[in-house]
Amino acid sequence: MSKLNPVLTLSLAALIFGCSKTDARRSDSPTGGTLIIAIPGDPIDLFPAFAGDQSGAAVRDLLFDRLALIGPDLGTFGDTGFTPQLAKSWTWSPDSMSIAFSIDPKARWHDGKSVTAADVKYSFRAFTDPKAASPVAPLLTNIDSVSVRDASTAVFFFKKRMPEQFYDVAYQLYIVPEHVYGKVPFDSLRTSDVTRTPVGSGRFRFVKWTPDVQMELIADTANYRGRPNLDHLFLTPPDPLTGATQILTGQADFMQAFPIDHISELDSSKVARGMAAPVSQYAFLGMNPYVAKSRREPHPIFGDVRVRRALSMAVDRTGMLQNVFGGLGKIGHGPFPMGQTASDSTIRLPSYDTAAAAAMLDSSGWKRGRDGMRSKNGRPLRFAMLVPFRSVPRMKYASLLQEQFHRIGALATIEQVDTKTYLERSIPRDDRAGDFDTVLNAFGPDPSVSGVKQNWATAGIGGPAGQNFMLYSNKTVDAAIDSAVASFDPVKAKAYARRAFQQIADDVPAIWLYDVIYVAGVNRRLVVPPLRMDGWAINLADWSIPVDKRIGRDSIGLAPPAKR
Amino acid sequence: MRRAFVARLWQSLIVVAVVTAISFLLIHAAPGDPFSYENSRISIAQRDQLRAEAGYDKPLPEQFVRYTWRLLHGRFGYSFPHHAYVSELLAATIPRTLALAGISLLLSFLLGMAVGVLQAARRDGWFDRISSSVLLVFYSLPDFWAALMAALVFAQWWHLLPASGMTDPMHDYMPFWRALGDRLSHFVLPCATLTLLTVAGIARYQRTAMLEVLPLDYVRVARAKGVPEKSIVWRHALRTALAPMITLLGVLFPALLGGSVFVEKVFQWPGMGLLAVSGIESRDYDVVTATVIVGSLMVIAGNLIADLLHAALDPRVRA
């Protein structure tokens, strides 16, 4: 190899600058205090290979560590921005086909045993064995194998040299202890009691879980990354309105997603305040390219790109954003949330122009009748919008869209359904499209371009990693995304991604509405650094409560419960 | 009497079997299943794999036969969303629901009967009129709305009582007396809501029963003998007027169980009602069917006990 490849260059830079940040997170904040967190529901899974729901992911981030932590800018290229967690350092092989991770010798599991390279190898097996059926497995297919060089060095071997191979290991894989979980067959992990009492290496330790009531975590005071500032965490799963009441009355201290229609109560509260809680999600109105539950027959309305474009031009996206979110909203820029590596706010989207929208519908044969509504060959321009009624913003958007579609002669009805029905109908099955005309959906892709590939490339239709629920397919897009994923030049990668995004925007499979935002309800006595987009709980060990603001529950410390 | 009791038991078994079949079919007919949860990282192929592992890809009649077979062997199944056996979940939640419903029932009867007796004793007086109007208001309130209002006023506005849960998260760390106070304070709102919603019906029943008894000859004789009015009402008339209330107990207990589903949801009381609601939301097949079966068993048991008590009190029924 005559010249150093970009990945190696980036990794060297990370070794020099990134690895020196090990102690940077340790703060001078006062230790002590108890936090009651209102989570959106009981965690569905506590084993990191399965945890993907909001509550499960938060608990996973508190109890378990990765080998390295992605930077706050969510850069996925090489190892730039990554900081050490369980791996104290890492070394690329000269051909970049393997990376050796040296485990921090101070790292201990919560039961006191050392974290070893064998645990890393076991974790890879637990995440990728087909019997375990981890949703992460399809994202680790470029990793060929993991070997144990010595007790503290695990080596990852890759099938292909790719710009995101470090990210694949460091972001997707959480390290779990073999001596705890290894006794359970992979196909029993999901139902095993062992996974209900997790043992990790994170800065908080698991104490107790009473389903539907609460989960208790405690500071791991001897943690290799430093003691967390807080002593105790209690996670309770109230429904949103009860959670809001608890926040406003001081019974709970933190709620990531405060009900959007009650945010004004936070402004006037002396107990709690609102705080931006960024998430990596974007919401859109997807238009089914096929007749509902079919994959053979194009949709009589949305099979025509002119109609999709006209509907997109008929809606005032900025006005709706203001209406629903006030000053808090962030407009959607395309099939991605802003804040990710490939995000691009310059994608050209159909502009708001109702006259042009009406003209486009006229030219595509949808003519207005006496009642002002349009039809073509006797078929009215009428369709349904599938909406989960639990989502307040999406319900509000549905009403606003309905009104604006009506103005150009399209009759949209709103189908409000519960979450399970929504999921069942919005996700395609086997050779059938989803059971809807249009759907108000939200995607939360991984930070890499691969996330876009899963959602919008043809490869995402069916298959083990398939999440292309809108069944969108365009060969130009596929090629551009593949090029973006494979490019070692960040500038070129972004240009390829942009080409893909623009093509998707031009095909108008959806109307891009807004980037999902959460406003967290936070007790005023808490000092909380900016929340990370990849998980609000990731830096929770750095939150603190000033001594002069502490209340009764902050004094329970680390002592065991009272004996009665 | 014994023959009638055995016949009632057989009827009850048939009712349970029918209820099981209906609840099994209804929850399976609803869109979605335990594995269609909102985790966009789970691919379609993996969801199907999980469904197959749980046997949800089999034809519905086969699933029903398997479920019934398991049930006959005393196994209620497994809850995938809770990662626990349903029998464990029921063992944890039934006592909480029984405590809430039981204490509410007791308070409702004590309060309702007292009000009913006083209303009858002072028929058409100011107490009768005012209390009837007030109770009518409570009676006509939807249970979920009443629970929400109670939470809003006493928890959010006035900060007098906790908004939800059975105990404070810090309960285990409190000294004995504070822990007891904490448990009682969490009991107040859900229990008061259930009690107030039920008390009107009981008072009405008791009033009517008393009004039927008070004109009877033996009451007149007691009055003629100069027995004090208090003693006539509370000792002589009330004893006779209690019999219809026993029947009401059998009817009200199931109604209270139904009402506690809403109240448990609003106050996040972790009982069987909340378990059933979360089971329906997450399409937790085994949990939903099991809670319906247990609920129907409780209803049947309530009615049977009421019948037996009625028979014990009234010789005409025994004959």
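Within the group B:Leu89, B:Leu100, which residue is at the interface with another protein chain (Cβ under 8 Å from one of its Cβ atoms) and surrounded by 18 or more Cβ atoms within 10 Å (Cβ to Cβ)?
Selected residue: B:Leu89, the only one of B:Leu89, B:Leu100 that is at the interface with another protein chain (Cβ under 8 Å from one of its Cβ atoms) and surrounded by 18 or more Cβ atoms within 10 Å (Cβ to Cβ).
Evaluate the range A:248-255: report whether one residue or more is more than 24 Å from the chain's Cα centre (by Cα), over 19 Å from A:Ala510 (Cβ atoms) and surrounded by fewer than 23 Cβ atoms within 10 Å (Cβ to Cβ). For the range A:248-255, residues more than 24 Å from the chain's Cα centre (by Cα), over 19 Å from A:Ala510 (Cβ atoms) and surrounded by fewer than 23 Cβ atoms within 10 Å (Cβ to Cβ): present.
Can you give me the number of residues within the range B:68-86 that are assigned to a helix (DSSP H, G or I) and at the interface with chain A (Cβ under 7 Å from one of its Cβ atoms)?
So the answer is 0.
Go through (1) in contact with a helix residue (DSSP H, G or I) (Cβ under 6 Å, 6 or more places away or on another chain); (2) touching a residue at least 60 places away in the same chain (Cβ under 8 Å); (3) assigned to a helix (DSSP H, G or I); (4) surrounded by fewer than 21 Cβ atoms within 10 Å (Cβ to Cβ) for A:Gly535 and report which single condition fails. It fails just one condition, (3). Counting just the residues of the range A:83-95 that are surrounded by fewer than 22 Cβ atoms within 10 Å (Cβ to Cβ) and more than 28 Å from the chain's Cα centre (by Cα), which one comes out nearest to A:Ser280 (Cα to Cα)? Only one residue fits best here, namely A:Thr91.
Contact annotation: residue pairs with Cβ atoms under 6 Å, 6 or more positions apart or on different chains, pairing a residue in the range B:155-180 that is within 13 Å of A:Leu248 (Cα to Cα) with a partner that is small (Gly, Ala, Ser) and assigned to a loop (DSSP other than H, G, I, E, B), are B:Ala155/B:Ala163. What about B:Ile280, is it surrounded by fewer than 24 Cβ atoms within 10 Å (Cβ to Cβ), more than 16 Å from the chain's Cα centre (by Cα) and within 14 Å of chain A (Cβ to nearest Cβ)? So B:Ile280 passes the test. Here B:Ser140 meets each of (1) more than 12 Å from every other protein chain (Cβ to nearest Cβ); (2) at pLDDT below 90; (3) surrounded by fewer than 21 Cβ atoms within 10 Å (Cβ to Cβ); (4) touching a helix residue (DSSP H, G or I) at 6+ places or on another chain (Cβ under 8 Å) with one exception, condition (4). Here B:Gln119 meets each of (1) under 30 Å from B:Glu281 (Cα atoms); (2) in contact with an Asp or Glu (Cβ under 8 Å, 6 or more places away or on another chain) with one exception, condition (1). Taking the criterion of being surrounded by 15 or more Cβ atoms within 10 Å (Cβ to Cβ) and in a loop (DSSP other than H, G, I, E, B), the residues of the range A:513-532 that qualify are A:Arg525, A:Leu526, A:Val528, A:Leu531, A:Arg532. Counting only residues that are in a loop (DSSP other than H, G, I, E, B), in contact with a Ser or Thr (Cβ under 6 Å, 6 or more places away or on another chain) and either surrounded by 23 or more Cβ atoms within 10 Å (Cβ to Cβ) or modelled with pLDDT of 95 or more (or both), the range A:174-186 holds 1 of them. The residue of the range B:145-165 that is farthest from the other protein chains (Cβ to nearest Cβ), among those that are buried (at least 23 other Cβ atoms within 10 Å of the Cβ) and among the aliphatic types (A, V, I, L, M), is B:Ala147. Taking into account only those residues within the range A:388-424 that are of a type in the set (Lys, Arg) and surrounded by fewer than 21 Cβ atoms within 10 Å (Cβ to Cβ), which is nearest to A:Ala356 (Cα to Cα)? Here the answer is A:Arg407. All conditions but one from (1) crowded, with 17+ Cβ neighbours inside 10 Å; (2) touching a helix residue (DSSP H, G or I) at 6+ places or on another chain (Cβ under 6 Å); (3) within 14 Å of chain A (Cβ to nearest Cβ) apply to B:Ala54; the one that does not is (2).
Annotation note: of A:Phe157, A:Phe206, the sole residue that is within 26 Å of the chain's Cα centre (by Cα) and either outside any loop (DSSP other than H, G, I, E, B) or without any contact (Cβ under 8 Å) to a residue 40 or more places away in the chain (or both) is A:Phe206. Within the range B:183-196, the presence of a residue that is facing chain A (nearest Cβ under 10 Å) and assigned to a helix (DSSP H, G or I) is excluded.
For the range A:415-444, taking the residues that are closer than 19 Å to B:Ala30 by Cβ, part of a loop (DSSP other than H, G, I, E, B) and not β-branched (Val, Ile, Thr), the one that is nearest to the other protein chains (Cβ to nearest Cβ) is identified as A:Asp418. For the range A:183-226, a residue qualifies if it is among the charged types (D, E, K, R), in contact with a Phe, Trp or Tyr (Cβ under 7 Å, 6 or more places away or on another chain) and within 10 Å of chain B (Cβ to nearest Cβ), and the qualifying residues are A:Arg190, A:Arg196, A:Glu216. Only one of the numbered conditions (1) in contact with a Phe, Trp or Tyr (Cβ under 9 Å, 6 or more places away or on another chain); (2) farther than 24 Å from A:Ala398 by Cβ; (3) surrounded by fewer than 17 Cβ atoms within 10 Å (Cβ to Cβ) is violated by A:Asp267, and that is (1). So in the range B:53-88, with the set limited to residues that are of a type in the set (Asp, Glu) and within 25 Å of A:Phe186 (Cβ to Cβ), which one is nearest to the chain's Cα centre (by Cα)? For the range B:53-88, the residue satisfying everything is B:Glu88.
Would the range A:293-307 turn up any residue that is touching a Pro at 6+ places or on another chain (Cβ under 7 Å) and surrounded by 19 or more Cβ atoms within 10 Å (Cβ to Cβ)? The answer is yes, given that some residue of the range A:293-307 is touching a Pro at 6+ places or on another chain (Cβ under 7 Å) and surrounded by 19 or more Cβ atoms within 10 Å (Cβ to Cβ). Among the residues examined, B:Thr20 does not qualify as touching a residue at least 24 places away in the same chain (Cβ under 8 Å), part of a helix (DSSP H, G or I) and within 14 Å of chain A (Cβ to nearest Cβ).
From the list A:Phe383, A:Phe389, the one residue that fits, being within 14 Å of another protein chain (Cβ to nearest Cβ) and farther than 19 Å from A:Ile331 by Cβ, is A:Phe389. When we screen A:Thr9, A:Thr22, A:Thr80 for residues that are more than 20 Å from the chain's Cα centre (by Cα), surrounded by fewer than 23 Cβ atoms within 10 Å (Cβ to Cβ) and modelled with pLDDT of 90 or more, the only hit is A:Thr80.
Among the aliphatic types (A, V, I, L, M), closer than 30 Å to B:His186 by Cβ and either part of a helix (DSSP H, G or I) or more than 14 Å from chain A (Cβ to nearest Cβ) (or both), is that true of B:Leu26? So B:Leu26 does not fit the description; no. If the condition is being assigned to a helix (DSSP H, G or I) and surrounded by fewer than 22 Cβ atoms within 10 Å (Cβ to Cβ), then the range A:456-481 contributes A:Thr458, A:Ala459, A:Lys475, A:Thr476, A:Asp478, A:Ala479.
Answer yes or no: is there a residue in the range A:483-494 that is within 21 Å of A:Gly56 (Cβ to Cβ) and among the small types (Gly, Ala, Ser). So far as the range A:483-494 goes, no, none of its residues is within 21 Å of A:Gly56 (Cβ to Cβ) and among the small types (Gly, Ala, Ser). Of the residues that make up the range A:230-252, is at least one assigned to a strand (DSSP E or B) and away from chain B (no Cβ under 12 Å)? The answer is no, given that none of the residues of the range A:230-252 is assigned to a strand (DSSP E or B) and away from chain B (no Cβ under 12 Å).
The values are calculated or read from the model by the stated rules, or taken from the named source; none is laboratory data. Keep in mind it's a predicted model, so treat the numbers as computed, not measured. Cβ sites come from the backbone with ideal geometry, for glycine too, and all protein chains shown count toward neighbours.
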